[in-house]
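> Below: one structure in structure tokens.
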Amino acid sequence: MLKNKLPILILIILAVCGKSLSEEQSTFSPEDVRIIAHYKEQIEERVIASGNVEIHYKNLTLFADRIELDRESRDVYAEGNVIILMPNEVVSCKSIFFNLDTSQGELKEVVGKIQPTVFYEAEFVEREDENTYRFQKARLTSCTQPVPRWKFSCSKATFKKDDYMEMWNSVLYIKKIPVFYFPYLRYPLDKERATGLLMPRLGYTGRKGFYFTESFFWAIRRNMDATLSLDYYSTRGLGGGLEFRYLFSKGTTGQLNLYYFRFKEEPGEEAPEPAHLIRFQHNQFLPLKFTLSADVDLQSSYDFLREFDNNFKRAVVSNRRTQVYLSRAWSYYNLNMRASRFETYYASQDASIVIYHLPQVSFSSFKMKLFSPLYFSFSSSFRRYQHFNLKGKETSSQSIALSPVLNFPFTQIPWLVLNTSFASNFNYYFQSYKPYKKKVIAEPLLVTNYVFNVEIIGPTIFRIYRDDEDEPRLKHIIEPSFTYRYESPIDAERVINYRRYFRLHQFKYGITNRFLVKEGEMPREVLSLGLEQVFYVSPEDSPLNIYLVDGEIPEFSDIKGIIRFYPSTRYSIDFSGALNPYYTTLSSVRLGANLGTVRDSLFLRVSWFKSINPYREEAIWNRHQISCFVGVKIPKLSVEAQGQISYNIQERKMLYSAFNFVYHYQCIDLKADLRIFYYREKPEVQFGISFGLGNIGKTTDFLGGLGF
């Protein structure tokens, strides 16, 4: 009887199981583990399934050929064409042992994608949690091409979601070509600043041989960071630098740059002394509305700077400076205190001019209205300085100065402006020269004089040009000007001063033409032309008193002219020149032209300068130089190029040239630059390359750059 009923019992059990399975699918919740497969077997809490297996649990979906699942612990082992889908992540592997709740597990022969857009392949992956992975024998990239533009191959790696990827024994590949080896590399994944190594710079320079530059960026906090730099020159030595930047509350900012270079010892030669430089800038708001500023630029060797600094403008100027400012402004008054040291080195004489201000204090006021139309202002100072000339001779002095000023502005007539001022100067020197001798004695000296100044602008005339609709479009303004200045004489023979003294008793006259166009409701000046000249009533006391023309001191200054043309904010031409009336020659010409901006597809900057001292025949006083900076961007070709040249027309020789080329190859930036330093003791050619990969920045040139 039982035997005849057995098939019926089996059908009932299958029907119940089928109903149960149907109910499980229809009443499925995210907290349950749902399994879909061609074959499924459950033994207590252990489920074995095969054939197009799917596991659905919370926000995770797993596909595999075969799985084993412990429903109680949520541990799952899957093999064969395993694919895992999770929020912002897709993983494909050969096999996996994984916990559905903790997201911990081990994967073999893995291919995956992790946000933000990191693709990887690895022989073994350990998933510590949903944010941390550890890879063995991995290849990683952020490129999406079938053959990535670049990738890293490494022995092991650690991934922190939205933070960083760090790799050991990694090799950078461009396409399939190995380019560079990194013992350790940290790749940032966050868009914010991230700690890690930057991409290195490689190159070759004629005198220093092969060079390698690597930098480490340290994001200390949101308000401060540091960059450590290492420079290696195969034939010259090794250098290291630090750049530290900070930004604190209440406007306190600053930047510190330190650099140290140790020269390589050559057989049979004594290595030069190590070189170093310090650059520091600091600005801070203090209590009682005081402001503190510091500026330091020091180097141990000008020769080192000239040979190694790649910033052309800085390398050709030999200066050292240290200065600290303390200032406060309130109401009508300004207080400034400064301690400083300035040094200018002249290579031709192997000597420096040095000046100290210890200290220099000034207290002044803006114009304060006494009664209409009379205004009062003053300036005062205490100055203590030391000056050393090229021969090392010292000149030192300390003095107190006071200068009250009365101003009488007159603007009642629309087409005329009249400014009249009267000032008295009181200068008290704690020491002086002995009469008729240049010997310093401890005898105070009080020097007084007065200054009378009258400035007239006008009468101003103008004309407005209108369009066909009678709307004003162009305004032409003509402004003549005239200034008379008289400074009463003083006995300067006893005054201790390292500068040449002169006083101004002169007439200055000129004329200016302005052209304005209407843009919206506001006028904008697009063109101005001006001429001016000075006539010295007392030429023997003027700045020209050291020159002679036919045995007499010149009475007229050069005729100076300017032309400024600004057709738009992107284009401008600024020209100035001076004509010497005695020798009818151009004593100076200066041209600056700007076409476009650095952000445009095409831009050009030209600077041309020429100066001649017609009173001296020696060519050493003359200068003639031109520099040009040009850049072009070709978006269709993903190319950017820049170039700069500086040429000494006077001596007919090139001073400096630099060319920069950047190729944006989808997820990789390739940068190459060529620099030629003609001004160095021996002209030097330098070539360098660097890469930009995704979120890894490029190492910059700590000792300069193109100087743009």
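Any read-out appearing in this document is the output of simple, stated calculations on the displayed coordinates, not a laboratory observation. The model shown is predicted, which means the values in this text are computed figures rather than measured ones. No Cβ is skipped: glycine too gets one built from the backbone with ideal geometry, and neighbour counts run over all protein chains shown.
> If you check Y486 against the conditions, is it in contact with a strand residue (DSSP E or B) (Cβ under 6 Å, 6 or more places away or on another chain), of a type in the set (F, W, Y) and closer than 30 Å to N513 by Cβ?
Numbers: in contact with a strand residue (DSSP E or B) (Cβ under 6 Å, 6 or more places away or on another chain): yes; of a type in the set (F, W, Y): yes; closer than 30 Å to N513 by Cβ: yes.
For Y486, the condition - in contact with a strand residue (DSSP E or B) (Cβ under 6 Å, 6 or more places away or on another chain), of a type in the set (F, W, Y) and closer than 30 Å to N513 by Cβ - is met.
> A further question follows. Considering (1) touching a residue at least 60 places away in the same chain (Cβ under 8 Å); (2) farther than 28 Å from Q145 by Cβ, say which one G643 fails and leave the rest.
Of (1) touching a residue at least 60 places away in the same chain (Cβ under 8 Å); (2) farther than 28 Å from Q145 by Cβ, only one is false for G643: (1).
> Please go through the range 220-244 and pick out each residue that is touching a Gly at 6+ places or on another chain (Cβ under 9 Å) and surrounded by fewer than 16 Cβ atoms within 10 Å (Cβ to Cβ). Steps first, please.
Filtering the range 220-244 for residues touching a Gly at 6+ places or on another chain (Cβ under 9 Å) gives 227-236, 244.
Matches in the range 220-244: S234, T235.
> For S399, indicate whether it is at negative phi and over 39 Å from the mean Cα position of the chain (by Cα).
yes
> I would also like to ask the following. May I ask you to list the residues in the range 660-694 that are under 22 Å from the mean Cα position of the chain (by Cα), among the β-branched types (V, I, T) and within 22 Å of Y233 (Cα to Cα)?
Selection gives I689 alone.
> Do we find a residue being free of Cβ contacts under 8 Å to residues at least 60 places away in the same chain and under 13 Å from F308 (Cα atoms) anywhere in the range 212-231?
no
> Next question, about the same structure. Which members of the range 670-690 meet the condition of being aromatic (F, W, Y) and either outside any strand (DSSP E or B) or at positive phi (or both)?
Taking the range 670-690 as the starting set, the residues that turn out to be aromatic (F, W, Y) are 677-679, 687.
Passing the criteria: Y678, Y679.
> So, in the range 518-547, of the ones that are touching a Pro at 6+ places or on another chain (Cβ under 7 Å) and not charged (D, E, K, R), which residue ends up surrounded by the most Cβ atoms within 10 Å (Cβ to Cβ)?
That would be L544.
> Then there's this: Quickly run through the range 563-576 and pick out the residues that are within 12 Å of L529 (Cβ to Cβ) and of a type in the set (G, A, S).
S576
> Still on this model: Suppose we filter the range 527-551 for residues that are touching a helix residue (DSSP H, G or I) at 6+ places or on another chain (Cβ under 8 Å) and outside any loop (DSSP other than H, G, I, E, B); how many remain?
Step one: of the range 527-551, the residues touching a helix residue (DSSP H, G or I) at 6+ places or on another chain (Cβ under 8 Å) are 545.
Cutting the leftovers down to outside any loop (DSSP other than H, G, I, E, B) gives us none.
Final tally of qualifying residues: 0.
> Additional query: Only one of these is farther than 26 Å from T117 by Cβ, of a type in the set (K, R) and without any contact (Cβ under 8 Å) to a residue 24 or more places away in the chain: R186, R245. Name it. Walk me through it before giving the result.
Values: R186 fails: farther than 26 Å from T117 by Cβ.
Just one listed residue meets the conditions, R245.
> Report the residue count in the range 649-664 for those that are assigned to a strand (DSSP E or B), in contact (Cβ under 8 Å) with a residue 24 or more places away in the chain and surrounded by fewer than 17 Cβ atoms within 10 Å (Cβ to Cβ).
Of all residues in the range 649-664, those assigned to a strand (DSSP E or B) come to 653-664.
Subset that is in contact (Cβ under 8 Å) with a residue 24 or more places away in the chain: 653-656, 658, 660, 663-664.
So of that shortlist, the ones also surrounded by fewer than 17 Cβ atoms within 10 Å (Cβ to Cβ) come out as 653-654, 663-664.
Of the residues in that region, 4 qualify.
> Here's another thing I want to ask about it. Taking into account only those residues within the range 269-283 that are in a strand (DSSP E or B) and either free of Cβ contacts under 8 Å to residues at least 24 places away in the same chain or out of contact with any helix residue (DSSP H, G or I) (no Cβ under 6 Å at 6 or more places or on another chain) (or both), which is surrounded by the most Cβ atoms within 10 Å (Cβ to Cβ)? Let's see the steps before the verdict.
Filtering the range 269-283 down to residues in a strand (DSSP E or B) leaves 275-283.
Then keep just the ones that are either free of Cβ contacts under 8 Å to residues at least 24 places away in the same chain or out of contact with any helix residue (DSSP H, G or I) (no Cβ under 6 Å at 6 or more places or on another chain) (or both); that gives 276-283.
Numbers: H276: 17, L277: 22, I278: 16, R279: 15, F280: 16, Q281: 15, H282: 16, N283: 14.
Within the range 269-283, the match that is surrounded by the most Cβ atoms within 10 Å (Cβ to Cβ) is L277.
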